[in-house]
1. Report the dimensions of the range 210-328 along its three principal axes from the alpha-carbon atoms, largest first, rounded to Å.
2. In degrees from 0 to 90, rounded to the nearest 10, what is the angle of the helix 13-24 Cα long axis to the longest principal axis of the chain?
3. Kindly provide the helix-only [θ] at 222 nm of the chain, computed as the sum of -39,500 (n - 2.57) over DSSP H runs of four or more divided by all residues, to the nearest 500 deg cm²/dmol?
4. Taking only Cα atoms, what is the 0 to 90° angle, nearest 10, from helix 101-114's long axis to the longest principal axis of the chain?
5. With all pairs of different alpha carbon atoms counted, what Kirkwood hydrodynamic radius in Å does the range 20-72 show?
6. Helix 128-138 against the longest principal axis of the chain: what's the angle in degrees, Cα atoms only, rounded to the nearest 10?
7. Averaging sequence separations of C-alpha pairs under 8 Å and six or more residues apart, then dividing by the length of the chain, give the relative contact order as a whole percent.
8. Within 13 Å, Cβ to Cβ, of Arg45, how many net charges do the neighbouring residues add up to if Lys/Arg are +1 and Asp/Glu are -1?
Amino acid sequence: MTGPKLGFLGVGWIGRHRMEAMLATGTVEAAAISDPSPEMVAEARKLAPDAAVVDSLDAMLALGLDGVVIATPSALHAAQSIHALEAGCAVFCQKPLGRSAAEARAVVDAARRADRLLSVDFSYRFTAAMQAIAPLVRDGSLGHVHAIDLTFHNAYGPDKPWFYDPALSGGGCVMDLGVHLVDLALWTLGFPEVVEVTSHLSSGGQPLADPQSQVEDYAVATLLLAEGTVVRLACSWRLPAGQDAVIEASFYGTGGAAALRNLDGSFYDFRAERFDGTARSLLADPPDAWGGRAAADWAERLAHSRHFAEDAEELVRSAEVLDRIYGR
């Protein structure tokens, strides 16, 4: 089957995993691969042996592609996305789309001008757990959802130096992990207005002294939404959590509650439950191969239409909240 032709810019583990998920839909083709690592290129070619190997985004765009999948360091995301969009390509980008709301806005505006599909890999939306919880929130089954608790503690930290340079990363654990939490809350509620944001950021157990040279490894934030919902967020790197990770998203309503929680410290296995008083019922449980679903969703949408979709505006809304958490 002939489908949209894609270029994959950055084929480390995440880039290859998303490539595999897209190709598995049978709706797209891998036409080009680019990565500075010969080893990563060799691994990617196992998935797409007929793809051209090129040394730059410009060389990739010269092939007349329909879309570009970007899995490069964060500092490059906005500029590369804009360049691809202006060349007429749809874009699927790893998070964050930009290091600030201004960068995210520039990309979305470029996508609108080019009339091309733009999505970011907010993969947690596509877990079976969140797919079970979100409808309960939206259809009123839980009553008025007045409180949301969000947690993402990672007992490890990133292994690449650029994560720790705010000029390159845009921030620390909030930009790396908190971005998923903010997106989950706003997406589930339909992106309501965020009225107020307060936060505390720290590094090495002390308040963040210089955001121009440091990134946070622990953060707490509170968001007040337009209808009075209070969202509490906590995220961290290298927290002694007693397990690899603590990942939770709990939605408390006047008529019940529902929560996503990772199992046994896993980064991948989630259980969703509904709570009614002291009773609980199971909504979703592992196994659930959710990691590539956002990528597959974009590929299937692209095969149907390359045109700009209004849900890209959500990417700016989330980025604006992150800016407010960072006090900028």
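1. 46, 46, 34
2. 80 degrees
3. Working: 10 runs with 105 residues, N = 328.
Value at 222 nm, helices only: -9500 deg cm²/dmol.
4. In the chain, helix 101-114 runs at an angle near 50 degrees to the longest axis.
5. Details: mean 1/r = 0.0865 Å⁻¹.
Every distinct Cα pair counted, the radius reaches 11.6 Å.
6. 60 degrees
7. Numbers: 717 pairs, mean separation 67.9, N = 328.
Computed over the chain, the figure is 21 percent.
8. On the way: positive: Arg16, Lys46; negative: Glu20, Asp35, Glu39, Glu43, Asp50.
Within the 13 Å Cβ shell, the charges total -3.
Laboratory data are not the source of any read-out in this text; all were calculated from the coordinates shown. Predicted, not measured: the structure shown is a model, and the values here were computed from it. All Cβ positions, even for glycine, are placed from backbone atoms using ideal geometry, and neighbour counts span all protein chains on display.
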